[in-house]
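Visitor: Sharing a structure, written as structure tokens. Questions coming.
The values are calculated or read from the model by the stated rules, or taken from the named source; none is laboratory data. Source: prediction; values computed, not measured. Cβ placement follows ideal geometry from the backbone for every residue including glycine, while neighbour counts extend to all protein chains displayed.
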Amino acid sequence: MPTSIVVNDLGRMPYRAAWDVQERLHQGVVAGGPETILIVEHSPVITLGRRAESIINLIASPEELARRDIDLVHSDRGGDITFHGPGQIVAYPIIRLADHRLSVGGYVHRLEAIVIAALAELGIVGKTDPKAVGVWIGDAGEPAKICAIGVRIRRGVTLHGLALNVDTDLSGFAHIVPCGLENRGVTSVAKILGENSPSFQAVKENLIRHLVEGFA
């Protein structure tokens, strides 16, 4: 049965450095150590998933990315291409799926449900799309992604996770075709709520609470 989950807020950290932290903690969880949820805000970075075609969805040249101080990392997570940057809450649950009686698909759907519940508390209606993983805002005619999800399971323990746009500079997504999906936008809590948007810290605390409850 699941035990209490440790939450570790890393603050702002480059993607590769946080990945190293994930890998170290993953070994401990595989060995029976406490499950952990890492919370981090990344420096600007574009990450590519395991799909070989994800590189074709990179619009900007490496030179342009370098000029804008945006890193480029080939990750081992699932999914396609995405952008991380300041103002975005990234959560990396490192949990044993068997302890929670979850399949891989069930785990992804659990993450979606957790984010939707956290957004509802802010007055935002998030939705899932059977054709595209993540959490979306708006109707089928004009969907915009507010939360990307990309995971990896190794030895029954999860890696990587989700990225929720809070007050992110959405121009970073202009350098890619987000998640390889044409004609779909991106949005954020701040863009939706405007002056009524809660602070980044308040959104973070809300999401952490829902994550812990979602895997309790």
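Visitor: Among the candidates G49, G79, single out the residue that is within 16 Å of the chain's Cα centre (by Cα), on the phi > 0 side of the Ramachandran plot and of a type outside the set (V, I, T).
Guide: G79
Visitor: Ok, one more. Considering segment 7-39 alone, what residues qualify as being farther than 20 Å from G49 by Cβ, surrounded by fewer than 17 Cβ atoms within 10 Å (Cβ to Cβ) and not hydrophobic (A, V, I, L, M, F, W, C)?
Guide: N8, D9, G11, R12, R24, Q27, G28, G32, G33, P34 - these are the residues of segment 7-39 that are farther than 20 Å from G49 by Cβ, surrounded by fewer than 17 Cβ atoms within 10 Å (Cβ to Cβ) and not hydrophobic (A, V, I, L, M, F, W, C).
Visitor: Pull up segment 171-216, narrow it to residues that are over 19 Å from G123 (Cβ atoms) and of a type in the set (G, A, S), then point me to the one that is modelled with the lowest pLDDT.
Guide: By that ranking, first place goes to G180.
Visitor: Do any strands (runs of 3 or more DSSP E) entirely within segment 65-170 hold 1 or more residues that are within 20 Å of V40 (Cβ to Cβ) and in contact with a helix residue (DSSP H, G or I) (Cβ under 6 Å, 6 or more places away or on another chain), and if so, which?
Guide: Strands (runs of 3 or more DSSP E) meeting the threshold: 71-74, 81-84, 88-94, 132-137, 144-154, 157-165.
Visitor: Within segment 4-20, identify whether any single residue is closer than 22 Å to T187 by Cα and under 15 Å from the mean Cα position of the chain (by Cα), and answer yes or no.
Guide: Yes - at least one qualifying residue is present in segment 4-20.
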